[in-house]
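To start, the structure under review is shown below, and the notes come after it.
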Amino acid sequence: MKAKIIITPKKAVLDPQGKTVQSALEHMGYTGVTGVHIGKYIEIDLAPGTDKAAAHKAINDAAHKLLSNPVIEDYKLEIAE
Amino acid sequence: MNFAVLQFPASNCDQDAVHALRHLGHSANLLWHKENSLGSVDAVILPGGFCYGDYLRCGAIARFSPVMQAVKQFADNGGLVLGICNGFQVLTEAGLLPGALIRNRDLQFHCEYIHLKTLTPDSPFTNKIPAGKSLRVPIAHGEGCYFADEETLARLKTNNQILWQYCDAGGNVTDAANPNGALQNIAGICNERRNVAGLMPHPERACESLLGSDDGKWVFESLFAALEKKSVAHAA
């Protein structure tokens with residue numbers, strides 16, 4: 001069982017990496033790119049048989065307190081088999 | 001006065017801070033991050049560096065060091081705490097200061113002298129800074145772009161919590177003088193109670209003219225004056 005957390009910068013926060021990659025894509029001729037946002041992906045291995053709901057609650061807490069910084073980042077959490 | 005300079009794994013401006021404080025005539029000692037107590041100190045400095053390798057986010061892991069519980073308690077009791085560069089990042093991650101420090105807008109690490117405008121003498125960190133003086137001090141960071149949401153920013157302004165802004169040599173706050181894209185050129189702030197402050201520039205590296213500038217000493221002279229006042233008030 002795994003917890004998968006995708007962390008992205010909030011919309012209001014400057015994302016210079018995203019902007020730089022966006023302009024690189026444009027220079028390469030990829031058209032229609034209206035935004036690039038660069039974040040982080042974290043995978044946490046959980047012991048087999050872990051209660052899914054309990055794991056979701058615990059990892060959600062950890063994502064809020066440590067894995068992401070709620071001042072500048074949003075996250076999505078998924079518990080996968 | 002007696003200062004504790006915290007030492008986290010990969011702090012690298014800890015010795016500079018100790019040197020500057022001793023050079024200015026005060027006592028300073030390093031305190032390892034595993035310590036649970038600050039002992040009897042008058043103020044705490046969180047120095048620059050790359051604690052815990054800047055893993056996850058700058059300062060994100062340091063806040064779980066045992067010593068940070070003691071720092072929180074010290075701050076809750078009104079003790080003076082100053083975070084410099086990485087120390088500023090640790091204080092925001094620990095929730096002792098509002099906002100966050102993110103990647104410089106040009107993605108470059110900036111190592112250069114900048115100028116600072118002091119916005120208020122009303123803090124233990126700015127009370128001795130000569131009025132109207134632009135402080136020439138160095139910066140050395142890749143993640144110093146200050147960010148706070150609109151509500152937080154409005155609160156910082158209302159409460160006069162913005163202590164320093166990046167400016168040019170003449171004291172003008174311009175976008176060209178902003179090295180990292182910080183919101184409104186913010187270089188340093190304090191908390192609402194005004195006993196905890198953080199700034200990205202390095203005043204401790206500019207306390208002797210031999211090093212190119214001694215403007216940074218004014219930040220520490222302010223701290224000494226505030227502590228002096230506090231101890232007189234305490235004795236009375």
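The values are calculated or read from the model by the stated rules, or taken from the named source; none is laboratory data. Bear in mind the structure is a predicted one, so any value in this text is a computation, not a measurement. Neighbour counts run over all protein chains shown; Cβ positions are idealised from the backbone, glycine included.
Some notes on this structure:
- Each residue in the range A:10-25 was checked for being surrounded by 15 or more Cβ atoms within 10 Å (Cβ to Cβ) and at the interface with chain B (Cβ under 8 Å from one of its Cβ atoms), and 4 of them qualify.
- Looking across the range B:165-177 at every residue that is touching a Lys or Arg at 6+ places or on another chain (Cβ under 6 Å) and surrounded by 18 or more Cβ atoms within 10 Å (Cβ to Cβ), the one that is nearest to the other protein chains (Cβ to nearest Cβ) is identified as B:GLN165.
- Meets criteria (surrounded by 19 or more Cβ atoms within 10 Å (Cβ to Cβ) and within 13 Å of chain A (Cβ to nearest Cβ)) for B:ILE45: no
- Exclusive hit being buried (at least 21 other Cβ atoms within 10 Å of the Cβ) and at positive phi, set B:ASN180, B:ASN185, B:ASN160: B:ASN185
- With respect to the conditions (1) crowded, with 17+ Cβ neighbours inside 10 Å; (2) within 14 Å of chain A (Cβ to nearest Cβ); (3) not acidic (Asp, Glu), B:GLN108 lacks only one, and its number is (1).
- Only residues that are touching a residue at least 60 places away in the same chain (Cβ under 8 Å), closer than 21 Å to B:SER65 by Cα and surrounded by fewer than 24 Cβ atoms within 10 Å (Cβ to Cβ) were counted in the range B:14-42, giving 1.
- When B:ILE139, B:ILE162 are checked against the criterion of being more than 11 Å from chain A (Cβ to nearest Cβ), aliphatic (A, V, I, L, M) and in contact (Cβ under 8 Å) with a residue 60 or more places away in the chain, a single residue qualifies: B:ILE139.
- If you go through the range B:5-26 and keep only what is touching an Asp or Glu at 6+ places or on another chain (Cβ under 9 Å), closer than 17 Å to B:VAL81 by Cβ and small (Gly, Ala, Ser), you end up with B:ALA17, B:ALA20.
- Contacts under 6 angstrom Cβ, first residue in the range A:50-73 being more than 14 Å from chain B (Cβ to nearest Cβ), partner in a loop (DSSP other than H, G, I, E, B), 6 or more apart: A:THR50/A:MET1; A:ALA55/A:LEU46
- Of the criteria (1) part of a strand (DSSP E or B); (2) free of Cβ contacts under 8 Å to residues at least 12 places away in the same chain, which one B:GLN73 fails: (1)
- For the range B:52-59, the count of residues that are in a helix (DSSP H, G or I) and under 18 Å from the mean Cα position of the chain (by Cα) is at least one.
- Qualifying residues in the range B:76-104 (those that are part of a loop (DSSP other than H, G, I, E, B), within 13 Å of another protein chain (Cβ to nearest Cβ) and free of Cβ contacts under 8 Å to residues at least 40 places away in the same chain) - the one farthest from B:ALA148 (Cα to Cα): B:ALA94
- Within the range B:61-89, being of a type in the set (A, V, I, L, M), under 23 Å from B:PRO203 (Cα atoms) and either modelled with pLDDT under 95 or out of contact with any Gly (no Cβ under 9 Å at 6 or more places or on another chain) (or both) holds for B:ALA62, B:MET68, B:ALA75, B:LEU80.
- Filter result for B:PRO130 (out of contact with any Ser or Thr (no Cβ under 6 Å at 6 or more places or on another chain), away from chain A (no Cβ under 11 Å), modelled with pLDDT of 95 or more and outside any strand (DSSP E or B)): yes
- Residue in the range A:34-46 that is without any contact (Cβ under 8 Å) to a residue 40 or more places away in the chain, more than 22 Å from B:GLY59 (Cα to Cα) and touching a strand residue (DSSP E or B) at 6+ places or on another chain (Cβ under 6 Å) present: yes
- Answer from A:GLY39, A:GLY32 - the residue that is exposed (fewer than 15 other Cβ atoms within 10 Å of the Cβ) and out of contact with any Lys or Arg (no Cβ under 9 Å at 6 or more places or on another chain): A:GLY32
- If you check B:ALA62, B:ALA28 for being within 22 Å of B:ASN195 (Cβ to Cβ), within 14 Å of chain A (Cβ to nearest Cβ) and not β-branched (Val, Ile, Thr), only one passes: B:ALA62.
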